[in-house]
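Engineer: Okay, handing you the structure first.
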Amino acid sequence: MNDAVTFRRMTEADLDAVLKIEYAAFSHPWTRGIYMDALKSYEVWLMFEGSQQVGHGVINVIIDEAHLLNITVKPESQGRGLGLMLLEQLMKRAYEMNGRECFLELRDSNRSAYRLYERYGFNEIGRRRDYYPAVGGREDAIVMACTLFE
């Protein structure tokens, strides 16, 4: 990783680039409509390596409770620590918005994301049965939480 990693808020003009990464990374990606709604209601952040967009994330804070709604690193950029950098940026921003605890859900099958969140300090606190659509049926969601610090 030679190029500096930077972050900025997403705008509607970024939508096509975000969707390209989203559709490459997930079997059941967020849609254009979901991102349009997210831009109105949440903070959506983009991550760049040099001038190349390599990821994005969505965070929401209500009073003191943060919710990590989406974190995506493009497949060819995964495995190099970028996911952790993006997660740290989103958690820092959540703390700045007075979030003191953060919650998230992830697919039971997404073990690499589970390890990332666990490494950051998230703990599994529950499950939602058949929460996610999956190829050939439904898949459980793992619910995780962590305390946010400065």
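Engineer: Starting at the first residue of region 56-64, write each ³J(HN,Hα) from the Karplus equation 6.51 cos²θ - 1.76 cosθ + 1.60 with θ = phi - 60°, in whole Hz, x for Gly and Pro.
Structural biologist: 7, x, 10, 10, 9, 10, 10, 6, 10
Engineer: Would you please give the FRET efficiency between residue 5 and residue 147, computed as 1/(1 + (r/R0)^6) with r the Cβ-Cβ distance and R0 = 22 Å, to the nearest 0.05?
Structural biologist: Efficiency, rounded to the nearest 0.05: 0.30.
Engineer: Evaluate the distance, in nm, between pseudo-label points positioned 7 Å from the Cα of residue 115 and of residue 100 along their respective Cα→Cβ axes.
Structural biologist: 3.4 nm
Engineer: Note the per residue figure in Å³ for the convex hull of the C-alpha positions in the chain.
Structural biologist: 114 Å³
Engineer: With the cut-off at 1.5 for a/c, could you classify region 41-86 from its C-alpha gyration tensor as rounded, prolate or oblate?
Structural biologist: Verdict is prolate for region 41-86.
None of the figures in this text is laboratory data; all of them are computed from the coordinates on show. All values derive from a computational prediction rather than experimental measurement. Using ideal geometry, Cβ is built from the backbone for each residue, glycine included, and neighbour counts are taken over all protein chains shown.
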